[in-house]
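The values are calculated or read from the model by the stated rules, or taken from the named source; none is laboratory data. This one's a predicted model, so the numbers in the text were calculated from it and none came from an experiment. Here Cβ is always computed from backbone atoms with ideal geometry, including for glycine, and neighbour counts include all displayed protein chains.
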Amino acid sequence: MVNEILGYIHPLTKLLQTTNLDILTAYEEARNMRQVIANQREDKGSRLCFEKATALANSIGVVPAKRRVSVRQTYRANVTTESVEDHYRINLFYPFLDHITAQLDERFAKNNKPPILASYLVPSSLKYLTPAREDEMLRWYHEDLPDQDTARQEIERWRHKFEDGPLPSFALEVLQKHNLSFFPNIKCMLKIFLTLPVTTCACERSFSAMRRLKTWLRSTMSNDRLTGLAMMHVHQKVEVDRENILRRWDASGHRRIQLAFD
């Protein structure tokens, strides 16, 4: 049963561990996953799980049986049923499904949705930005907007801007390829939307770097040096001008050694 149900969640768990996942995709995939798992109540999910478990039990000489029903049950569900299949369906399968759906509802609840409403500002999704969603989005981002009084007019101009021509599908693409000087509020909301973390995977890279750089035996290190080393360690693909660094280091005037550059 656990293997069958968690098989639906396995792709989502791998997706959530990636570092380039945007929060809107994660939210949509999680809600779709929740609906698929909830549908197992009406489908033949319990029958399939029971048949697989019975076949596995028969292969090792175990006969499926109901649990003993006590007069006063405290720590687990043990509803009286007529068949073994109904016993496991009611007492194990349904509670496990309810637990999974409850956890998905808690982690991806509807009240967590307002921050990602800025995704509807992406030109390819503008047609889904209803007046209700627009009001909720502006209420959420109100304190961060540079010009709150013109936000609605700015969104209207944003709609007309993309009435014709190709429509970008990603928020990062909009920021990189379009001049948003005339749309300061939209630029602010898209930037905040892009910085919303989905999981802690990106942060865990810095945690691992900290463990390698600052150990208990080498703990005398200033914050500036530690931060700089961690940034260089995490972003090793970024090319660094070594000569420029050495020139800045030598220009402090506190070095006894003089560096010679070609």
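Note on the range 91-182: enclosed helices (runs of 4 or more DSSP H) holding 1 or more residues that are assigned by TED's automatic domain parsing to the domain that holds PHE50 are 94-107.
Residues are listed down the side, and each one gets a yes or a no for (1) in contact with a Ser or Thr (Cβ under 6 Å, 6 or more places away or on another chain); (2) without any contact (Cβ under 8 Å) to a residue 24 or more places away in the chain; (3) closer than 17 Å to ALA171 by Cα:
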site	(1), (2), (3)
ASP98	no, yes, no
PHE108	no, no, no
LEU129	no, no, yes
ARG159	no, no, yes
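Would a scan of the range 43-51 turn up a residue that is surrounded by 13 or more Cβ atoms within 10 Å (Cβ to Cβ), hydroxyl-bearing (Ser, Thr, Tyr), part of a helix (DSSP H, G or I) and at pLDDT below 80? For the range 43-51, residues surrounded by 13 or more Cβ atoms within 10 Å (Cβ to Cβ), hydroxyl-bearing (Ser, Thr, Tyr), part of a helix (DSSP H, G or I) and at pLDDT below 80: present.
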